[in-house]
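Please read the structure below before turning to the comments.
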Amino acid sequence: MKRSQSFAKTTKTVPNDETSRSAKLLLQAGFIYKELAGVYDFLPQGMRVLENIMQVIREEMDALGAEELRLTALQNKSVWESSGRWDDSVLDVWFKTKLNAGGELGLAPTHEEPITRLMQGYISSYKDLPVYAYQFQTKFRNELRAKSGILRTREFMMKDLYSFSKNRAEHDEFYERCAAAYQKIFARLGIGDTTFRTFASGGAFSKFSDEFQTLCEVGEDTIYLDREKGIAINEEVYNDDTIRELGLDKTKLEQHKSAEVGNIFTLGYRFSEALDLCFNDENGVRQQVFMGSYGIGPSRVMGVIAENLSDEHGLCWPDEIAPYRYYLIGIGEAAQKVCAELYAKAPENIIWDDRDTARNGEKFADADLMGIPYRVVVSDKTLADGKIELKNRKTGDVELLTIADFTNKLV
């Protein structure tokens, strides 16, 4: 990407109602644009980060043997009436709309009901199970109060996976494999050291669910962490009985603010019973399918990473999800020619700040603000010695490389 050809610009101003560091930086860096409270557009650089996060998640879901699909955002009222969750008193975050032709639709806040109905056409025998299906889908939730930029919004991207098993034992085996996959995902995203499996309320579905909570000062949750064991308890279920049941020592638990970046639920028969999703077992006996639900919010994760991994100079993206790996700056006439040659070798990995209207100091500041992992400076001065400068955004380390050595990094 050439900066001179991109419509998205960095800015020093942000809306007055933005208070979180992540929201301010993402807006200033030109990664997102605010439409209204809780509703954000993802600009080209922000979209690349979001897509990279989704690709990490996709790879780990595929490794579990799950298949990707895409369900509709518009929801059939009758399907949700079957489970009792169409009623606003039961599920209070609905956005609903009326059809001109008559009838009412909803915008999906989640997808347990529609995917359960869909599976009625594909599951009828024990030979059809297990099934693991996931999607990346825009969700809509009429939150009373959106806050902290893209950490809590009314429209957001969600990865939701649903498991369909013959029995509890088969479900439990996959549940633990999925929990391990989640930890691998968060490690790849650069927040593995601060993200912990957390026991939380299972609501109407089970005694406990598992949340994955990242330590974060602007997070909405409070957890009690056993750092040695790498597990935590959400404040909502924090009591002596839970501590004793989990075999934890209360004196070793640390209290922290945190942000939920993922969750996994045992649904059991809650939706298969409501929507009559059954299969015939080995003896021809009709059985209900045992279900689970597994969510990660890629856009929310992006906000948490921006919040936690940034510094006083701006964003600081991990290599695997950065929009580009290198931020290229040329100083001098000969340097610009070399920049053009380097950019041509790997435009998919380079932002070339070729703007002739920006000062060098402004370009350096933008490289830091946008959080690109490496800043590459080609100057007539360093070229005289056959070298270019490479600076690591995270560590601040600077090294001088030959053009040939840097080119080897690109390919």
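Assign one of three labels to the stretch 266-411, namely rounded, prolate or oblate, based on the Cα gyration tensor with a ≥ b ≥ c the square roots of its eigenvalues; rounded applies when a/c is under 1.5, prolate when it is not and a/b is larger than b/c, and oblate otherwise. Write down the numbers at each step before the final one.
Working: a/c = 4.24, a/b = 3.00, b/c = 1.42.
Cα axes put the stretch 266-411 in the prolate bin.
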For peptides 296-303, 334-341, 368-375, sequence by mean Cβ density within 10 Å, most packed first: 296-303, 368-375, 334-341
Long-range tail of P(r) for the stretch 3-56 (Cα pairs > 17 Å, %): 37
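Determine the percent antiparallel among the DSSP beta bridges restricted to the chain, to the nearest 5. Walk me through the intermediate numbers first.
Details: 70 of 86 bridges.
That works out to approximately 80 percent antiparallel.
When a footprinting reagent is the concern and you count Cβ atoms within 10 Å, what order do TRP317, TRP86, TRP352 take, fewest first? Write out the running numbers ahead of the final one.
Values: TRP317 28, TRP86 20, TRP352 24.
With the sparsest Cβ surroundings first, the list reads TRP86, TRP352, TRP317.
Report the calculated FRET efficiency for GLU220 and ILE403 (r = Cβ-Cβ distance, R0 = 60 Å), to the nearest 0.05. Working shown, then result.
Numbers: r = 49 Å, r/R0 = 0.82.
Approximately 0.75, to the nearest 0.05.
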Run the numbers for GLU228 and SER125: contour at 0.36 nm per residue of separation, minus the present Cα-Cα distance, in nm. 32.7 nm
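If packing is taken as the mean number of other Cβ atoms within 10 Å per residue, what is the order of 19-32, 244-257, highest first? Don't skip to the answer; put the middle values down first.
Details: 19-32: 22.6, 244-257: 12.7.
Order by mean packing, descending: 19-32, 244-257.
Counting Lys and Arg as +1 and Asp and Glu as -1, each charge on the Cβ, what is the dipole of the stretch 326-410 about the Cα centre in debye, to the nearest 20? Before the final figure, lay out each step's value.
Numbers: 12 positive and 15 negative charges, 31 e Å.
It comes to approximately 140 debye.
Which percent, to the nearest 5, of DSSP beta bridges fully inside the stretch 330-411 are antiparallel?
Values: 9 of 11 bridges.
Given both bridge residues lie in the stretch 330-411, the antiparallel proportion sits at roughly 80 percent.
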Mind checking which of SER272, LEU328, SER82 is farthest towards the positive end of the chain's charge dipole, using Cβ charges of +1 (Lys, Arg) and -1 (Asp, Glu) about the Cα centre? LEU328
Positive-end residue of LEU225, THR11, PHE196, charge dipole of the stretch 6-309 with Cβ unit charges: THR11
For the stretch 278-291, 3J(HN,Hα) per residue [Karplus equation, 6.51 cos²θ - 1.76 cosθ + 1.60, θ = phi - 60°, Hz, x = Gly/Pro]: 10, 9, 8, 7, 4, 9, x, 8, 6, 10, 7, 6, 9, 10
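How high is the relative contact order of the chain, given as a whole-number percent (alpha carbon pairs under 8 Å, six or more residues apart)? All intermediate terms of the calculation are to be shown ahead of the outcome.
Values: 802 pairs, mean separation 67.8, N = 411.
After rounding, I find 16 percent.
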Spread of Cα-to-Cα distances over 5 Å intervals beginning at zero, given as percent, for the stretch 168-221: 5, 17, 21, 25, 18, 10, 4, 0
Please state the charge dipole magnitude for the chain, taken about the Cα centre, from unit charges on C-beta atoms (+1 on K and R, -1 on D and E), reported in debye and rounded to the nearest 20. 920
Ratio of Rg to Rh for the stretch 326-410, alpha carbon only, Kirkwood? 0.92
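No lab work stands behind these numbers, since they all come straight from the coordinates. Only a predicted model underlies this, so the values are computations on that prediction, with no experimental measurement involved. A quick note on method: Cβ atoms are made from the backbone with ideal geometry, for glycine too, and the neighbour counts reach across all protein chains shown.
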